[in-house]
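K.L.:
Right, I'll just put the structure down here and ask away after.
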Amino acid sequence: PSEIGRLTSLRYFDLNNNRLKGPLPAELGALTALTTLFLDNNQFTGEIPSSLLNLTNLESLILDTNDFDTDVPTEWLDDEEQVQKYLATLKKQARIEELESEVKKYKAQNERLKAEINELKAK
């Protein structure tokens, strides 16, 4: 809804994994205090609004796993600082996914060890 643009003091906005659909409202660009914006794992469509360029305090932006027409707003390609922020966010996300994968491996290893210990105890 367009009223979202009234939340001008909002610093952290996490809407990930909510099955939201449709285009992102351009009014998100009015949330200039935002430092973190997570919109991943939804079904957003269309263009990523260029109004997001107004979010100059933004440190973390995650938009993946949506149905956007483009990955990066074309206007951002002309702004080296925005490109670097976006790339840094992607790198952080990749590290998080890598760590999650490692945790899963260790959990599986731990479960195998528990099973082996229980088997030895049973003998």
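K.L.:
Using the Karplus equation 6.51 cos²θ - 1.76 cosθ + 1.60 (θ = phi - 60°), what ³J(HN,Hα) coupling, rounded to whole Hz, does each residue of the stretch 111-121 give in order, writing x for Gly and Pro?
P.N.:
Each residue's phi maps through the Karplus curve to give 5, 5, 5, 4, 5, 5, 5, 4, 5, 5, 5 Hz.
K.L.:
What is the sum of charges, Lys and Arg at +1 and Asp and Glu at -1, for the other residues whose Cβ falls under 14 Å from the Cβ of A115? Intermediate values should be presented prior to the final figure.
P.N.:
Details: positive: K107, R112, K114, K121, K123; negative: E111, E116, E119.
Value of the local net charge: +2.
K.L.:
If we count every other residue with Cβ under 9 angstrom of F44's Cβ, Lys/Arg +1 and Asp/Glu -1, where does the sum land? Walk me through the intermediate numbers first.
P.N.:
Values: positive: K21; negative: D67.
Counting the neighbours of F44, the net charge comes to 0.
Bear in mind these aren't lab numbers, they're just calculated from the coordinates by the rules spelled out. Just so we're clear, the structure is a prediction, and the values are computed from it rather than from any experiment. Note: ideal-geometry Cβ built from the backbone for every residue, glycine included; neighbour counts use all protein chains shown.
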